[in-house]
Amino acid sequence: MIHLSNPPPHRYTGAGFDRAAQRRLDADWLSACRANPDTRVILMAGLEVLVSTTDQPCAEILTVAELGQALPEEAIFLGMADGVGLFAVDLGRAAARRGRFAEVRTVGAWLAAREAGWCAYARAVAFWHSRHRFCGACGGPTVSAHGGHIRRCQICDTQHFPRSDPAVIVLVTHRHPELGERCLLGRSARFPAGIYSTLAGFVEPGESLEETVCREIYEEAGVELVDLHYRSSQPWPFPASLMIGFRATARSDALRLDPDELVDAGWFTRAELIDPDRRPVQLPNRDSIARHLIEDWLYEEPAPGS
């Protein structure tokens, strides 16, 4: 049986997590929850989260009782897990009595799915806080409110909310008359050595997702599309993206690469990619939607002639 990497709901999603948004408005409830000995907390140091030192890392999620102190007001309320409040807070590296701090992206593929989602969520909100200490309207200092889900300007009272940057990510295919169906994979200069992936790009203002797909593929690879379909999406808080996955069909297999975007790209058959030990390229990490889009195509039953 084939087990696809990172099937929907993808890694780093909430996967049914109760964000309990209505509780963010209840200051008294939040205060009591921050002091509740059973409340759970993800300790952070900057954008890193506390994980175990075992070979198979897991999130070291403490209770307030284990921490030995109530959480400060600036702690981020993430939601309710198994009927208990879950927060994230940076108390400095010295607050951790066990484990180690790690960047979520380096351990996310090994964490339990729901722990990966919680840690990614915490990182995303913590990153947003770090970039919004001052008001974009007047330049005044901002303070955290509503359990960490708003920053309010102390001068002009403008409210600032967390944002995600939408980006499309696309597996493009083309049917060659002799070789059958092939997929387009490209390599950016910023990728680790040997990695080839699906093409992606950010949505611009005033642009639909479908327009972004067509523009990005044409700009990066010179390929016109004749058909596209939405597949799934994945939060990617590295630092603040929402990846929106598509499958698309190319009009032709001619390529014209933008060297500022891609250092190489090519068309690959299923036969070339199916055996991990004989692939001519390395695929993206298993925690990414890029890997899922590739494997979703790679292992599906090919149409006649493919």
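The values are calculated or read from the model by the stated rules, or taken from the named source; none is laboratory data. These numbers were taken from a predicted model, which means no experiment stands behind them. These area figures cover heavy atoms from the full protein model, side chains too; ligands, DNA and RNA do not enter into them. Shrake-Rupley method; radii C 1.70, N 1.55, O 1.52, S 1.80 Å.
Can you sort His132, His10, His176 by 1.4 Å-probe accessible area, starting with the largest?
Descending order: His132, His176, His10.
What number in nm² do you get for the stretch 229-286 if you take the convex hull of its Cα atoms and divide its surface by four?
Working: hull surface 23.7 nm².
Approximately 5.9 nm², given one-decimal rounding.
What does the convex hull of the Cα atoms of the chain come to per residue, in Å³, rounded to a whole number? It would help to have the intermediate numbers written out before the result.
Details: hull volume 49.4 nm³, N = 306.
Expressed per residue, the convex hull around the Cα atoms of the chain is 162 Å³.
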Practice task
Could you state the accessible area per residue of the stretch 1-134 in Å², with a 1.4 Å probe and every protein chain left in place?
Solution key: 50 Å²
Handout entry: Accessible surface, per residue, of the stretch 153-306 when the full set of protein chains is kept, probe 1.4 Å, Å²
Key = 51 Å²
Practice task
Provide the per-residue ³J(HN,Hα) series for the stretch 45-56, in order, calculated from phi with Karplus coefficients 6.51, -1.76, 1.60 and θ = phi - 60°, each as a whole number of Hz, with x at glycine and proline positions.
Solution key: 10, x, 9, 8, 10, 7, 10, 6, 9, 6, 4, 9
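Work out, in µm²/s and without decimals, the Stokes-Einstein translational diffusion coefficient of the stretch 14-97 at 37 °C, 0.692 mPa s, Rh from Kirkwood over C-alpha pairs.
Numbers: Rh = 13.3 Å.
In µm²/s, the coefficient rounds to 248.
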Problem - P(r) weight above 15 Å for the stretch 79-134, C-alpha pairs, percent - result: 59 percent
Handout entry: Whole-percent carbon and sulfur share, accessible surface of the stretch 101-229, 1.4 Å
Key = 53 percent
